[in-house]
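Written below as structure tokens is the structure these notes are about.
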Amino acid sequence: MSLRRVNVAILVLLAVAFLIIVQRNLLNLNDFLRNAVPGMILPFESEFSPELRPDLVRTGEKIPVVITAAEERLGAVVAAMNSVYQNSKANIVFNIVTMNDTVDHLKVWMTKTQLNNVKHKIIIFEPQLLNGKITKNPQKLDSVKPLTFARFYMPVFIPDAEKAIYLDDDIIVQGDIQELFDTSLKSGHAAAFSDDCDSASAKGIVRGAGNQNNYIGFLDFKKEAIKKLGMRANTCSFNPGVIVANLTEWKRQNITNQLEHWMELNAQEDLYSKTLAESITTPPLLIVFYKHHSSIDPMWHVRHLGATGAGNRYSPQFVKAAKLLHWNGHYKPWSRTSSFTEVWDKWYIQDPMRKFHPVRKHAGDK
């Protein structure tokens, strides 16, 4: 064998050895990420949906939409996403935050239905991230749903995005999401919310224990940590079920760290109102964004459709004109007798695995 042939053979062997080493390193990196320190969020495990068909490709700036997907509420998430997608021609990318044991069910729903062309990314949320930040009181733990805190971590999930929309799962969008995304935020503001005193939803507020449209309905103003903030108890609160976020400003102001600080302090000192109105995720947001947030057009967050008597508060004409409907409250359109369920039904897509059944549709789904 000539010297030249020997050299070629050696080069081939070296190339093969190099490729084997690279492959092993990649496998080791993958194992490392999957066995990372508890509490890490692993957006690296996210995956994009298949390429859209040419006739459905949407161009223009990406509109990142963050939404959570709890196993028991997957039907709600699907209906919400379907309504957003079908009512817009914008280049929407859904960032679906879910738990590890829900991923397979979610993937089937996204690939075996008309949502298979929707551009999306699945993100695993690690509940260990909340260690030390939520109450250890066993009587209150039942009401703590880890995914409700996902909105606090938007910059972690989509680090390259400058702006994003967060949506609760119990919503239906009837307008073009591009309009909501174009909401103008004032200089220095990291987020825009809907004020609970706005004209479109104020009449839908349920009054009971605590003032649910004021800060006093969410925070205990007798606690020293709250007193020191100098906030007015009668300040109008806001609803974080829909958020338009300037993520660049969010990161600059370390909003996530600020929210975590108040979560930890509440776990130690019980700062929330004893007659807490609705969400336990709202109080830290109210503190951090006190008089330092922009406003969303009231028609882009018509709320309280899940409250008792909502059908009497809103006319069918008003509901039809609303850009975004939110069934916050006890009565969800998929689980109990609720108002305007026919609107939600229009966007619901049946579960291909037949695990999720809207209660009133159960008999027909058998």
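The values are calculated or read from the model by the stated rules, or taken from the named source; none is laboratory data. Small disclaimer: the values here were computed from a predicted structure and weren't measured. Every residue, glycine among them, receives a Cβ derived from its backbone with ideal geometry; neighbour counts consider all protein chains shown. Keep in mind that these areas ignore ligands, DNA and RNA; they rest on the heavy atoms of the full protein, side chains included. Shrake-Rupley method; radii C 1.70, N 1.55, O 1.52, S 1.80 Å.
Numbers for the structure displayed
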{"quantity": "Residue tally, condition of a type outside the set (A, V, I, L, M, F, W, C) and under 15 Å from the mean Cα position of the chain (by Cα), over segment 160-175", "calculated": "5"}
{"quantity": "Count of segment 212-239 residues which are in contact with a strand residue (DSSP E or B) (Cβ under 9 Å, 6 or more places away or on another chain) and open to solvent by less than 50 Å² (accessible area, probe 1.4 Å)", "calculated": "14"}
{"quantity": "Check on residue 351, touching a helix residue (DSSP H, G or I) at 6+ places or on another chain (Cβ under 7 Å), more than 16 Å from residue 168 (Cβ to Cβ) and open to solvent by less than 70 Å² (accessible area, probe 1.4 Å)", "calculated": "yes"}
{"quantity": "Selection from segment 333-348 of residues that are buried (at least 17 other Cβ atoms within 10 Å of the Cβ) and on the phi < 0 side of the Ramachandran plot", "calculated": "333, 334, 335, 338, 339, 341, 343, 344, 347, 348"}
{"quantity": "Residue ranges of helices (runs of 4 or more DSSP H) in segment 237-330 with at least 3 members modelled with pLDDT of 95 or more", "calculated": "247-252, 255-269, 282-288, 316-321"}
{"quantity": "Members of segment 354-366 that are open to solvent by 60 Å² or more (accessible area, probe 1.4 Å) and modelled with pLDDT of 90 or more", "calculated": "354, 355"}
{"quantity": "Residues within segment 271-306 that are free of Cβ contacts under 8 Å to residues at least 60 places away in the same chain and farther than 21 Å from residue 129 by Cβ, tallied", "calculated": "2"}
{"quantity": "All positions within segment 273-332 that are farther than 23 Å from residue 216 by Cα, among the hydrophobic types (A, V, I, L, M, F, W, C) and open to solvent by 10 Å² or more (accessible area, probe 1.4 Å)", "calculated": "299, 318, 321"}
{"quantity": "Filter pass, residue 147 being of a type in the set (A, V, I, L, M), touching a strand residue (DSSP E or B) at 6+ places or on another chain (Cβ under 8 Å) and not in a loop (DSSP other than H, G, I, E, B)", "calculated": "yes"}
{"quantity": "Test set (1) within 19 Å of the chain's Cα centre (by Cα); (2) open to solvent by less than 40 Å² (accessible area, probe 1.4 Å) - residue 188 fails condition number", "calculated": "(1)"}
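So that you can scan it fast, the table gives a plain yes or no per residue for (1) hydrophobic (A, V, I, L, M, F, W, C); (2) surrounded by fewer than 17 Cβ atoms within 10 Å (Cβ to Cβ); (3) at pLDDT 95 or above; (4) in a strand (DSSP E or B):
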| position | (1), (2), (3), (4) |
| --- | --- |
| 84 | yes, no, yes, no |
| 89 | no, yes, yes, no |
| 93 | yes, no, yes, yes |
| 96 | yes, no, yes, yes |
| 108 | yes, yes, yes, no |
| 123 | yes, no, yes, yes |
| 129 | yes, no, no, no |
